[in-house]
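Read the figures in this text as sums done on the coordinates, not as results from a lab. Computed from a predicted model, the values in this text were never measured in an experiment. Cβ placement follows ideal geometry from the backbone for every residue including glycine, while neighbour counts extend to all protein chains displayed.
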Amino acid sequence: MTFPHDIPSETNGENSRESLLRQIPSVDSLLSRAALCRLEARLGRPTLLAVTRDVLQSLRARIATGHPLTVPSDEALEGEIIAVARARAESSLVPVINASGVILHTNLGRAPLARECIEHLAEVATQYSNLEYDLELGTRGDRDSHTDRLFAQLLGAERTLVVNNNAAAILLALNSLAEGGEVIVSRGELIEIGGSFRIPDICAKSGAILREVGTTNRTRLADYAAAISERTRLLMRVHASNFRMVGFTEKPRLDEMVELGRQRSLLVLEDLGSGCLADIALLGLEDEPPVALSLKAGVDVVTFSGDKLLGGPQAGILTGKSEPLARIRKNPLFRALRVDKLTIAALEATVGLYLRGNLSAVPALGMIYARKEEIGRRAALLARRIAAVPGFRAELEDGESVIGGGSTPGQSLPTQLIAITQANRSATELEALLRANRPPIISRVERDRVLLDLRTVFEGQEDEVVQAHERLGLTEERSKAMP
C-alpha cells in the first residue's frame with residue numbers, strides 16, 4: 001500500500017507545475033486592464049496582443065523549468081507587458097554620445113550632419129519640391145542640376161553626379177568607361193578597406209579587366225606606359241585610404257599620369273575615398289589630397305565619399321569633365337544607384353556651408369579643427385563634476401584623437417582625455433554600463449580605466465554624461481545598502 005506522503009517527488013513537482021500553469025490569467029483578462037487598454041490605444045491591438053502572448057509563453061517556459069514557484073500577480077504581469085511593449089516600440093536606431101575620440105566613426109554613422117542640413121532636409125522632405133522640375137521653363141528638369149552647380153562653384157568641376165556611396169561611384173565609373181577593356185592600376189594601390197571592399201573585386205564586377213603594374217612599393221610612370229595596349233581604357237589611381245606604406249616607395253606624380261593619358265588618348269580616373277574639400281594640411285595632416293587639386297591637375301573623373309571628410313550625408317560623388325560624366329550619366333546602372341531628394345538636400349546644404357566659408361558649422365570639420373586647449377577646458381569642468389559623484393575618480397591626461405573613416409591613418413590630433421575609475425567596478429564593467437545608458441555613451445578602455453574624449457562630444461551633452469555617472473553611483477550605493 002502507498003500512502004500519500006510516499007508519492008515520488010517528481011509527481012508532486014509535476015502536479016505543482018500543472019497547478020501553476022492553471023493559475024496563469026488569460027490574454028483577454030489581462031488586455032482588459034485599464035493600463036493596457038490605454039497602451040493599446042497608442043500601440044494598436046496586434047502589437048499589444050503579440051507582446052502579451054510572448055510574456056505569458058515566457059512565464060510558462062520558466063514554470064516548466066521549476067521557476068518561479070508562484071505565478072506573478074496580474075499587476076506584476078501587467079507591468080512586465082508594459083515594459084516589453086515599450087521596449088519593442090522604441091526605434092532600434094538611436095542617437096549615441098560619441099566620447100571615443102574617433103571623429104568619422106564608421107560604426108557610429110560617420111559624419112554627423114550640420115544643423116543647416118537638417119533644416120533644409122526637413123523643409124524639402126515635408127513639402128513638394130522642384131527635384132526634377134525646371135521652374136524657369138516649366139518643364140521636366142534634372143535632379144543632378146542641384147548638386148552640379150554647387151560643385152562647379154566650389155571645385156570648378158564641369159559636371160558632377162551623385163550616387164548612394166563611393167563604392168557605387170567607382171563601380172559605375174569603371175562599368176561606363178572601361179567595360180570589356182583594361183584598367184591599369186598600380187599594384188601598391190590594390191587595397192581593401194572596411195566591409196571587405198576590394199578594388200580588384202569591384203573592378204571585376206564592373207566588367208573591366210584589371211591590369212596590375214609596378215611592384216607593391218614602387219611604381220613608375222614607365223610601368224603605366226609599358227602596359228598600355230589597344231585594350232586599355234583607363235589609367236586609374238587609388239588613394240590608399242586606411243593603408244600606408246613608408247620607406248622605399250615611389251609613384252608618379254598625378255600631373256605626369258594626366259599627361260600620359262593625354263598622349264595616349266586615355267582617361268584618368270582617381271578615387272580619393274574620403275573627399276577632402278577643406279585645407280587640413282594646416283593641422284599637419286598632409287595625406288589627404290584635396291579634390292580641387294586633382295581636378296586642377298586635369299584628372300578626368302574623381303570619385304569620393306560624401307559622409308567622410310566632406311562632412312555630409314552618405315553619398316558617392318563623381319566629378320570632373322563633361323564628356324566622361326555624360327557617358328556615366330547614360331549608364332542604366334546610374335538610375336539604380338542614384339540618390340533621393342533627402343540626400344541631395346543634405347548634400348546641397350553641406351556644400352553651401354563651404355561656399356559661404358562657414359566650415360566651423362560642419363560638425364566633422366569643427367571637431368578636426370578643435371584645439372587641445374579648448375578641449376582641455378571642457379574636460380576639466382566635466383572631470384570635476386564626475387569626480388564629485390561618490391565612488392568615482394576622474395583625472396585629466398594627454399591623449400590622441402583620430403579622424404577615422406579610413407582618413408589620415410597613422411596620424412592623430414592632440415587632445416585631453418578624462419580617465420575614469422569607479423570603486424568596486426572594473427573599467428570593462430563601467431564601459432558596458434555607460435553603453436547601456438540612454439542615450440548610450442561610447443567610450444574606450446585603456447589600462448583598466450574608461451577614457452572620454454570630448455573632441456567628439458557635442459557641447460550640451462556633458463549634462464547627460466554626468467547624470468549617467470550619478471545614476472551608476474546611486475545604483476552602487478543601493479547595492480551596498482542591501483542586506
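Quick rundown of the values:
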{"quantity": "Amide H partners (placed H, <5 Å) of LEU104, local residues excluded", "calculated": "GLY404, GLY405"}
{"quantity": "Residue range of the chain that is longest and free of GluC sites (Glu not before Pro) which are both DSSP loop and sparsely packed (at most 14 other C-beta within 10 Å)", "calculated": "287-458"}
{"quantity": "For peptides 44-52, 162-170, sequence by mean Cβ density within 10 Å, most packed first", "calculated": "162-170, 44-52"}
{"quantity": "Two-site label geometry, GLU446 and LEU221: point separation in nm, points 7 Å out along Cα→Cβ", "calculated": "4.3 nm"}
{"quantity": "Residue-by-residue Karplus 3J(HN,Hα) for region 61-78, coefficients 6.51, -1.76, 1.60, Hz, glycine and proline x", "calculated": "5, 5, 4, 5, 8, x, 9, x, 8, 9, 7, x, 5, 4, 4, 5, 5, 4"}
{"quantity": "Förster radius 45 Å - calculated FRET efficiency between ARG53 and THR428 (Cβ-Cβ, nearest 0.05)", "calculated": "0.75"}
{"quantity": "Dipole in debye (nearest 20) - the chain, about Cα centre, beta carbon charges: Lys, Arg +1; Asp, Glu -1", "calculated": "400 debye"}
{"quantity": "The chain: calculated mean residue ellipticity at 222 nm from DSSP helix runs of at least 4, using -39500 (n - 2.57)", "calculated": "-13500 deg cm²/dmol"}
{"quantity": "Sequence-separation-based contact order of region 418-475, relative, with Cα cut under 8 Å and 6+ spacing, percent", "calculated": "34 percent"}
{"quantity": "Answer label for Rg and Dmax of the Cα atoms in Å (calculated), chosen among (i) 22.3, 70; (ii) 29.8, 109; (iii) 38.9, 143", "calculated": "(ii)"}
{"quantity": "Distance (nanometres) between label positions extended 7 Å along Cα→Cβ at ARG438 and GLU123", "calculated": "3.4 nm"}
{"quantity": "In Hz, Karplus ³J(HN,Hα) per residue of region 96-106 (6.51, -1.76, 1.60; θ = phi - 60°; x = Gly, Pro)", "calculated": "10, 9, 8, 9, 7, x, 9, 5, 9, 7, 4"}
{"quantity": "Cut-off 9 Å between beta-carbons: net charge of the residues surrounding LEU177, Lys and Arg +1, Asp and Glu -1", "calculated": "0"}
{"quantity": "Within straight-line cross-link reach of LYS330, lysines at Cα separation under 21 Å, skipping those fewer than 8 residues along the same chain", "calculated": "LYS205, LYS321, LYS341"}
{"quantity": "Length-normalised contact order for the chain - Cα pairs under 8 Å, 6+ apart - percent", "calculated": "18 percent"}
{"quantity": "Within region 303-338, backbone nitrogen closer than 17 Å to the virtual label 7 Å beyond the Cα of GLU132 toward Cβ", "calculated": "329-338"}
{"quantity": "Once exposed loop chymotrypsin sites (Phe, Trp or Tyr not before Pro) are cut out (DSSP; at most 13 other Cβ, 10 Å), longest piece of the chain", "calculated": "249-457"}
{"quantity": "Amide hydrogen neighbours beyond the local backbone of ALA208, cut-off 5 Å, H modeled", "calculated": "GLY180"}
{"quantity": "For region 4-89: rounded, prolate or oblate by the Cα gyration tensor [a/c cutoff 1.5]", "calculated": "prolate"}
{"quantity": "Region 93-123 and region 332-393: distance between their alpha carbon centers, rounded to Å", "calculated": "7 Å"}
{"quantity": "Protection-proxy order for peptides 201-211, 99-109, each taking the mean of Cβ atoms within 10 Å per residue, highest first", "calculated": "99-109, 201-211"}
{"quantity": "Residue-span extension gain [ASP28 to LYS205] - 0.36 nm each, minus C-alpha spacing", "calculated": "58.1 nm"}
{"quantity": "Value of relative contact order over region 115-361, rounded to a whole percent, pairs C-alpha under 8 Å and six or more apart", "calculated": "27 percent"}
{"quantity": "Ascending count of other beta-carbon atoms within 10 Å, so fewest first, for SER294, SER265", "calculated": "SER265, SER294"}
{"quantity": "Positive minus negative residues near HIS146 (Lys, Arg vs Asp, Glu; Cβ under 15 Å)", "calculated": "-2"}
{"quantity": "Highest to lowest packing among 336-342, 297-303, scored as the average C-beta count within 10 Å", "calculated": "297-303, 336-342"}
